[in-house]
Amino acid sequence: MKAAILGYGVVGSGVGNILYKNADIIEAKLGEKIELKYVLDLRDFPGDIFEDKLTRNFEDILNDSEVQLVCEAMGGTNPAYDFTKRLLEAGKHVVSSNKELVATYGYELLTTAKEHNVNYLFEASVGGGVPILRPLWQCLAANRMEQFYGILNGTTNFILTKMYNEDMPFEEALSLAQQLGYAEKDPTADIAGADVCRKTCILASICFGKHIDPEQVATQGIQDIQIRDVSYAKANGYEIKLLGYCRKLDSGKIDAIVSPFFVPKSNQIATVSDVFNGIVVVGDMVDEVFFYGKGAGSLPTASACVGDMIDCAMHAQKRKNFGWGERDAAFVEDHKNCQSAYYVRGTGDINAVKEALGEVSFLSLQGAPLDEVAFITPCQTESELDAKLASIADFTIAAKIRVLTDN
Ligand code: NDP
Ligand code: HSE
């Protein structure tokens, strides 16, 4: 089968590399070769093995009826949306690593794919090299999904690990993540949580069957985490992790949020470090399942893209039934109404805190100032907690971070 790659950067070049290096095992599985006919990019790649396949003209790929399979690894929504839509309309199968595109226009593109009886697959868009979308859709198909949460961004997990384990300054850790090809073109998407939000939307859409837009999910990144809170976490049996979190509520709506969490060291998510991603999924029949692996980087991500390309080639005649339903503006509950436990740090009188909040677990940190108070609350809504905190006279809040619990 003849194929093309759109975007020959970190991921696209990894796809080329795998198609070249593992051509024999791919051919053995498929019974035919996946032959790269074009690579679209704006730059030149002198000396590259696929130098002779380079084009700057998208129409070369669109109009070549021999090309049946395209991997989109350009990133962004423009022109990726237009290119993907036109390729699907032309009857070509498309695979993608572009979570921004899928989270924004997944429903539209899946609908176009269905109308033209072709596949649109995007395993690499969540968890990089970690198999998660296909297992959710296929292996766990017998379940009503109840909940998922996980570390979905390699860059921020890498930064937090470096800060937590090596006391490396934030900027140095970010620069290292960029050199390793983990970060987005604009790393603000990693740091401020937009990337995790997109992945959370894709997972939620698959788990709960309706397109979830990034605007529906309250999102907070790691930029406000202070070293003092890292110290409190370390001293009291927690890690701080940026999580995408989603669960089905009794009301039928979902609670979806992206936020830093205090994670108890006893939870397997706490053991996920460096560029690795880890995702816990809970289904009503299977109970808890844990997915783990490299969440970013050229070859791990390309491994997922090429897996999708092979799947498309295997289902070239009979399209896979994969996708989700339309948007529903009321489907995501306002996060302020959803229950969570919280870590709070501030300055004030400990007795006033006890009086306003009742049962809380106070945390200790050697060398902390005498008027500093840090504690973990029981589960409650953020609105309830905010009202209680506001009622404490002379209490200044320095940090408020969700805590991952069993409920
Ligand atoms: P890169 O920036 O390394 O690669 C993108 C490539 O596409 C660049 O070479 C870029 O050229 C080219 N490109 C962009 N627009 C066009 C266009 N209009 N025509 C032709 N070429 C174009 O990004 P990555 O490979 O890191 O990421 C690609 C996608 O995969 C993104 O959506 C990203 O979020 C996602 N992803 C990345 C992962 C990673 O670990 N890096 C992991 C999982 C997903 P130029 O540089 O000249 O703009
Ligand atoms: N920037 C992303 C990350 C790439 O660090 O996880 C993988 O999606």
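The values are calculated or read from the model by the stated rules, or taken from the named source; none is laboratory data. Just so it is clear, the structure is predicted and the values come from calculations on it, not from any experiment. Backbone-built Cβ (ideal geometry, glycine too); neighbour counts: all protein chains shown.
For the structure I just gave you, tell me whether Ser303 is small (Gly, Ala, Ser), outside the structural domain of Ala177 (by TED's automatic domain parsing), at pLDDT 95 or above and more than 13 Å from the chain's Cα centre (by Cα).
Values: small (Gly, Ala, Ser): yes; outside the structural domain of Ala177 (by TED's automatic domain parsing): yes; at pLDDT 95 or above: yes; more than 13 Å from the chain's Cα centre (by Cα): yes.
The answer is yes for Ser303.
Any residue at all in the stretch 18-26 that is touching a residue at least 12 places away in the same chain (Cβ under 8 Å), in contact with a strand residue (DSSP E or B) (Cβ under 7 Å, 6 or more places away or on another chain) and surrounded by fewer than 12 Cβ atoms within 10 Å (Cβ to Cβ)? Write out each step before concluding.
In the first step, residues of the stretch 18-26 are kept if they are touching a residue at least 12 places away in the same chain (Cβ under 8 Å); the result is 18-20, 22, 26.
Then keep just the ones that are in contact with a strand residue (DSSP E or B) (Cβ under 7 Å, 6 or more places away or on another chain); that gives 19.
Retained after the next criterion (residues that are surrounded by fewer than 12 Cβ atoms within 10 Å (Cβ to Cβ)): none.
Looking for residues that are touching a residue at least 12 places away in the same chain (Cβ under 8 Å), in contact with a strand residue (DSSP E or B) (Cβ under 7 Å, 6 or more places away or on another chain) and surrounded by fewer than 12 Cβ atoms within 10 Å (Cβ to Cβ), one finds none in the stretch 18-26, hence no.
Looking at (1) crowded, with 23+ Cβ neighbours inside 10 Å; (2) more than 16 Å from ligand 1 (Cβ to nearest atom); (3) outside any loop (DSSP other than H, G, I, E, B), find the lone condition where Ile212 falls short.
(3)
Quickly run through the stretch 293-308 and pick out the residues that are in contact with a Ser or Thr (Cβ under 9 Å, 6 or more places away or on another chain) and not in a strand (DSSP E or B). If you could, list the steps in order and put the result at the bottom.
Residues of the stretch 293-308 that are in contact with a Ser or Thr (Cβ under 9 Å, 6 or more places away or on another chain), as a first pass: 294-296, 298, 301-302, 304-305, 308.
Listed by number, the residues that qualify are Gly295, Ala296, Ser298, Thr301, Ala302, Ala304, Cys305, Asp308.
Using the structure shown, decide if Asn351 is buried (at least 22 other Cβ atoms within 10 Å of the Cβ) and either within 30 Å of Ile376 (Cα to Cα) or of a type in the set (Asp, Glu) (or both).
no
A quick yes/no check of all residues on (1) more than 13 Å from ligand 2 (Cβ to nearest atom); (2) touching a residue at least 12 places away in the same chain (Cβ under 8 Å); (3) among the acidic types (Asp, Glu); (4) in a helix (DSSP H, G or I):
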residue	(1), (2), (3), (4)
Gln147	yes, yes, no, no
Tyr164	yes, yes, no, yes
Met168	yes, no, no, no
Glu172	yes, no, yes, yes
Leu176	no, yes, no, yes
Ala183	no, yes, no, no
Cys197	no, yes, no, yes
Gly221	no, yes, no, no
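Mind counting the residues in the stretch 149-162 that are outside any helix (DSSP H, G or I) and away from ligand 2 (no atom under 12 Å from the Cβ)? Steps first, answer last, please.
Restricting attention to the stretch 149-162, the residues satisfying the condition of being outside any helix (DSSP H, G or I) are 149-153.
So of that shortlist, the ones also away from ligand 2 (no atom under 12 Å from the Cβ) come out as 149.
Count: 1.
I need a count of the residues in the stretch 361-374 that are within 23 Å of Lys336 (Cα to Cα) and either in the same structural domain as Asp229 (by TED's automatic domain parsing) or crowded, with 19+ Cβ neighbours inside 10 Å (or both).
1
For the stretch 158-168, state whether one or more residues are surrounded by 18 or more Cβ atoms within 10 Å (Cβ to Cβ) and within 16 Å of ligand 1 (Cβ to nearest atom). Let's see the steps before the verdict.
Step one: list which residues in the stretch 158-168 are surrounded by 18 or more Cβ atoms within 10 Å (Cβ to Cβ), which gives 158-164.
Keeping just the survivors that are within 16 Å of ligand 1 (Cβ to nearest atom) gives 158-159.
The answer is yes; a qualifying residue exists.
For the subset of the stretch 90-117 comprising residues that are closer than 25 Å to Ile212 by Cβ, without any contact (Cβ under 8 Å) to a residue 40 or more places away in the chain and among the charged types (D, E, K, R), which member is farthest from ligand 2 (Cβ to nearest atom)?
The qualifying residue farthest from ligand 2 (Cβ to nearest atom) is Glu115.
This table checks each residue for (1) surrounded by fewer than 19 Cβ atoms within 10 Å (Cβ to Cβ); (2) within 20 Å of the chain's Cα centre (by Cα); (3) not assigned by TED's automatic domain parsing to the domain that holds Asn57.
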position: Ala80; (1), (2), (3): no, yes, no
position: Glu89; (1), (2), (3): yes, no, no
position: His93; (1), (2), (3): no, no, no
position: Ser96; (1), (2), (3): no, yes, no
position: Lys99; (1), (2), (3): no, yes, no
position: Gly106; (1), (2), (3): no, yes, no
position: Leu110; (1), (2), (3): no, yes, no
position: Asn117; (1), (2), (3): yes, no, no
position: Phe122; (1), (2), (3): no, yes, no
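If you go through the stretch 125-135 one residue at a time, do you hit one that is modelled with pLDDT of 95 or more, among the hydroxyl-bearing types (Ser, Thr, Tyr) and not in a helix (DSSP H, G or I)?
Restricting attention to the stretch 125-135, the residues satisfying the condition of being modelled with pLDDT of 95 or more are 125-135.
Those still in the list that are among the hydroxyl-bearing types (Ser, Thr, Tyr) too: 125.
Next, from what is left, pick out any that are not in a helix (DSSP H, G or I): none.
Taking every residue of the stretch 125-135 in turn, none turns out to be modelled with pLDDT of 95 or more, among the hydroxyl-bearing types (Ser, Thr, Tyr) and not in a helix (DSSP H, G or I).
Could you list, in sequence order, all residues of the stretch 236-292 that are surrounded by fewer than 20 Cβ atoms within 10 Å (Cβ to Cβ), within 16 Å of ligand 2 (Cβ to nearest atom) and either outside any strand (DSSP E or B) or at positive phi (or both)?
Passing the criteria: Ser273, Asp274.
When only residues in the stretch 309-330 that are of a type in the set (Gly, Ala, Ser) and outside any loop (DSSP other than H, G, I, E, B) count, which is nearest to Ser205 (Cα to Cα)? Walk me through it before giving the result.
Start the filter on the stretch 309-330 by keeping residues that are of a type in the set (Gly, Ala, Ser), which leaves 313, 316, 323, 325, 329-330.
Imposing the further condition that a residue be outside any loop (DSSP other than H, G, I, E, B) reduces the set to 313, 325.
On the way: Ala313: 25, Gly325: 8 Å.
Of everything passing the filter in the stretch 309-330, Gly325 is nearest to Ser205 (Cα to Cα).
Do we find that Gly348 is within 29 Å of Tyr105 (Cβ to Cβ), touching a residue at least 40 places away in the same chain (Cβ under 8 Å), small (Gly, Ala, Ser) and not assigned by TED's automatic domain parsing to the domain that holds Gln147 in this structure?
Values: within 29 Å of Tyr105 (Cβ to Cβ): no; touching a residue at least 40 places away in the same chain (Cβ under 8 Å): yes; small (Gly, Ala, Ser): yes; not assigned by TED's automatic domain parsing to the domain that holds Gln147: yes.
When the stated conditions are applied, Gly348 does not pass them.
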